[in-house]
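Below is one structure, written out as C-alpha cells; the observations come after it.
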Amino acid sequence: MNKQSTSSSDLSHEPLEEGRRCRLIEVTIDSLAELGYVGTTLAQIAGRAGVSPGLVAHYFGDKDGLLEAAFRSLTRRVGDHVRARLRQISTPRARIQAIIDANLAPEEFDRRTGSAWLAFWGQVLQVQSLRRVQSVYQRRTLTNLRSSLKKLVPTDEAQNLAAMIAAMIDGVWLRAALSGWHEADSESARALLTEFVDGRLKDRGHTAHGTAGGASKAGERAAAPAAGERFASINPATGEILGYAIVAGPAQIDAAVRAAQLGQVKWAAMTGAERARVLRRAAQLLRSRNQELAELESRDTGKPIQETSVVDVISGADCFEYFASLAQSLSGEHIDLGPQAFGYTRREPLGVVAGIGAWNYPLQIACWKAAPALACGNAMIFKPAELTPLSAVKLQEILLEAGLPPGAFQVVQGFADTGRLLTRHPGIRKISLTGEVGTGKAVMSDASQTLKNVTLELGGKSPLIIFEDAKLDNAVAGALLANFYSSGQVCSNATRVFVHRSVKADFIERLVKRVSAMRIGDPMDPATQVGPLVSEQHMHKVLGYIARGRAEGARLIIGGNRVTSGDLGRGYFVAPTVFDDCRDDMAIVREEIFGPVMSVLEFADEREVIERANATEFGLAAGVFTNDLTRGHRVIAQLQAGTCWINHYNVTPIELPFGGVKMSGLGRENGRAALEHYTQLKSVYVAMGDVDAPY
Ligand code: NDP
C-alpha cells in the first residue's frame, strides 16, 4: 500500500482527507502507467477519481505537486520495504541482499509500477522537485549498500561496488520496463544481481551468497557473527524472532571437547545394558514431550504441525529405542585359529565425535546422529544449523534428564566457522554431517588433516520412475510424498518424476487435482499441509529456480508463485509447483532446488529411463512404481542410489540404513550399518601355547 506523501502541500492529517490523498495518488500512478507523463493532467486525474479539479489542486497545488507526491509515495514504499528487511538481518552480505530484494521485489517489478517510474524518470532532468526526490532515493540506496559493503571490502572498493550494484538495479529494471516486461521478471532480476554480487565478493575471497539457482542460499551469511555474539532464530511463517543463540568460538569448542572427553570415559565404562536404559529413557521423554517439541520444531522450521507431531520427534524416539537395543547387543567376533590360538575382535567407541546438522529436520537429524554414537559409547558434540538452533538444545536437556553423564552430549551453536572448529579439532575423532555437497567436500577435506572418520549425508536430485502398469493413484501419492512434504525441503526427494508416455496425461490430471487441494497456511494449524520455506533467502532461491524453469521452456501446470494472501505475506510461502514437458538438461531437472518444485519427464522404455535416471552426479535415493515385481527389482538394481523404494516413497524406518552414493554421500545412518561408523575394531590374538622364537 502506498504511504502518504510528504510534499509541501501536505497540510491535512485528517483520516478522511488522508484517505482521499492516498486515493488520488493511486489514481495518478494508474494514469501515469496508462497515459504517461504528458497524458496525465489534473483534470484527467480528477475525472478518474470522481472529484473536482479544485480538490486535487487543494491537496497538491499543481500537476508537478501531484506527480511529486506520487513519486515520493513510490520511493517511500521501497524505503519502507528495505528498512523492514534490514531490521531482520544483521550481517553485511544479507543486508546487501535485502536491498536488492526490496528494490526488485515483485511489487516493484510489475507493469503498473514500472510504467509510473518510467514516466517520472523521463521528467527527472526537467522538473526540479522530482530531481530532489530522485537524488534522495539514490543517495539512500547507495548509503545502505556502502555501509554493508565496507564491512566486506576496502572503503574505495565499497564505493565502486555500491555504485555498480545500484546501476545494475536501475539497469535491469529499466531494461525490463523498456522491453514491456517480457525479458525479465522479479525473480530472475534478483538472481542476476545476486550472482553478480557473489562473483565480486568471491573474487575478494568472501563466501558466495547465491547458488546456480539464482538467489541466495538458505541462511548463508557471508560475514556471520563472531564467537560470543548472538544470532536470532526466526519463525519463517511470521518473520518474528523466536530467540537467540550464542556463537561458539575456539575457546568454547576446546572446553566442549574437554568436557566430552570426561563424559565419554564415564559413559563408555557403563555396560551396554546400562547405556541402553538411558537411551530408552530418552526415547520415553521424547515421546512424552512430543507435542511441545513438535510445536517448537514447527516454529523454528516452518514445517506444519501435522508433520512434526507425527514424524520428527517420533522418528527421533524410534531411533533411540532401536539403538538402545543394539547397545545391549554390541559384540565382536571370535575367530578360531586352531588349537594353539584364537582371536577376537572388540567393537570399541571412537571417543569424542561431532554431528553437524542441516535445517530441514533439526531434531530428527540430532537424534539420528546422537543415538548410534551414544549407543556405541562415544560422546557427541552437535552443532545444529544456524537457521534452526532450538530443538537440539531440548535433546541435550532430555539426555541429561535420562541419566547421560554430563558432557557426553553437548550442543554448540554457530555458523560454518563453528562447524570448521569441530572438523579441524584434533580431539574429535569423527564427523557426521548432514548438508550440501559443497559442505561435504569442505568437511572431508578439513577432517583429513587429523584423519577423522566422516559420514556425509548430502544432497540429491532423485528420480521416481512410474511405469505404465503402476497403480496410478499410488504413484501420484508417491510423487506427492516425494516432492511436497516439508515444503519440498527433503534431501531424498524425487524431484525428477519420470512417467511412462502412455499414462502421463492421466497421471498429470490426477496429480494436479490433488496438488490444487493442498492446504497452504499457518504451520501451527493442524489442517495445514504446506508451510513456509525455512527463510526468506531460501524462498528467493526456490523462486529463482521456478523463474529459470519457465525461462528454459518447462510448462508450469500449477503453482509457481509466492503465496502472500492474508497473514501469509509475513512468511516465506511458495505454492506447490509442478512443471511438465521438462528436459533432462534444464537447471530445474539437474540441480537440487530443495523446495516444492516437481519436474515431470516423459519416457518410453525401461532402458532409456534407467540411463536418464542415472545421468546425475547425485545418488541419494530413487523410487519405482510398477505392478511387475521382477521389473521393480530389476530396475532398482540398476539405479545408482543408496536408498530406494518400490511402490512407495520417502518412508524411512530406523531399521533400514539410509544414505547416498556418488556425490550424495558416504556412509550410512540408521540400521546396523550405522554401528560401523561409530565404532572401531580392535583385533586381539590370544596364544594358547609356548612362544617359539627363531633367535
Ligand atoms: P549446509 O551444507 O549449508 O549446512 C549444513 C551444516 O554444516 C550447517 O550446520 C552448517 O552451518 C554447517 N557448515 C557449513 N559449512 C561448513 C564447513 N565448512 N565446515 C563445517 N560445517 C559447515 O546445508 P543446509 O543446512 O543448507 O541443508 C540443506 C542441504 O542438506 C541440502 O543439500 C540437503 O539435500 C542436505 N540434506 C541431506 C540429508 C541427507 O540425509 N542426505 C538430509 C537433510 C538435508 P550453518 O548452516 O549453521 O552455517
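No value in this document is a laboratory result; all are computed from the given coordinates. From a predicted model like this one, the values you see are computed outputs, not experimental measurements. Cβ: placed from backbone, ideal geometry, glycine included. Neighbour counts: every protein chain shown.
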Filtering the range 410-424 for residues that are closer than 15 Å to A379 by Cα, in a loop (DSSP other than H, G, I, E, B) and near the ligand (Cβ under 8 Å from one of its atoms) leaves a count of 0
Quiz prompt | Filter result for A674 (of a type in the set (G, A, S), in a helix (DSSP H, G or I), within 16 Å of the ligand (Cβ to nearest atom) and in contact with a helix residue (DSSP H, G or I) (Cβ under 7 Å, 6 or more places away or on another chain)) | solution = yes
Of the residues in the range 566-591 that are assigned to a loop (DSSP other than H, G, I, E, B) and of a type in the set (G, A, S), the one that is farthest from S487 (Cα to Cα) is G571
When every residue in the range 603-658 that is aliphatic (A, V, I, L, M) and in a strand (DSSP E or B) is compared, the one nearest to Y678 (Cα to Cα) is A621
Quiz item: Somewhere in the range 479-495, is a residue part of a strand (DSSP E or B) and more than 8 Å from the ligand (Cβ to nearest atom)?
Solution: no
Counting only residues that are more than 10 Å from P576 (Cβ to Cβ) and not in a helix (DSSP H, G or I), the range 505-520 contains a total of 2
If we keep only residues of the range 617-639 that are closer than 20 Å to T434 by Cα and of a type outside the set (A, V, I, L, M, F, W, C), then the residue surrounded by the most Cβ atoms within 10 Å (Cβ to Cβ) is G619
*Check the range 343-350 and report whether any residue there is touching a helix residue (DSSP H, G or I) at 6+ places or on another chain (Cβ under 7 Å), of a type in the set (A, V, I, L, M, F, W, C) and touching a residue at least 12 places away in the same chain (Cβ under 8 Å).*
yes
Every listed condition ((1) within 16 Å of the ligand (Cβ to nearest atom); (2) farther than 21 Å from Y678 by Cβ; (3) part of a helix (DSSP H, G or I)) holds for K394 save (1)
The condition of being within 8 Å of the ligand (Cβ to nearest atom), touching a helix residue (DSSP H, G or I) at 6+ places or on another chain (Cβ under 6 Å) and assigned to a loop (DSSP other than H, G, I, E, B) holds, among G427, G460, G407, only for G460
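Listed here are the residues, each with its yes/no results for (1) away from the ligand (no atom under 16 Å from the Cβ); (2) buried (at least 23 other Cβ atoms within 10 Å of the Cβ).
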| site | (1), (2) |
| --- | --- |
| F320 | yes, yes |
| L326 | yes, no |
| L337 | yes, no |
| C367 | no, yes |
| A370 | no, yes |
| C376 | yes, yes |
Residues of the range 658-676 being over 24 Å from the mean Cα position of the chain (by Cα) and under 25 Å from T616 (Cβ atoms), in sequence order, are G671, A673
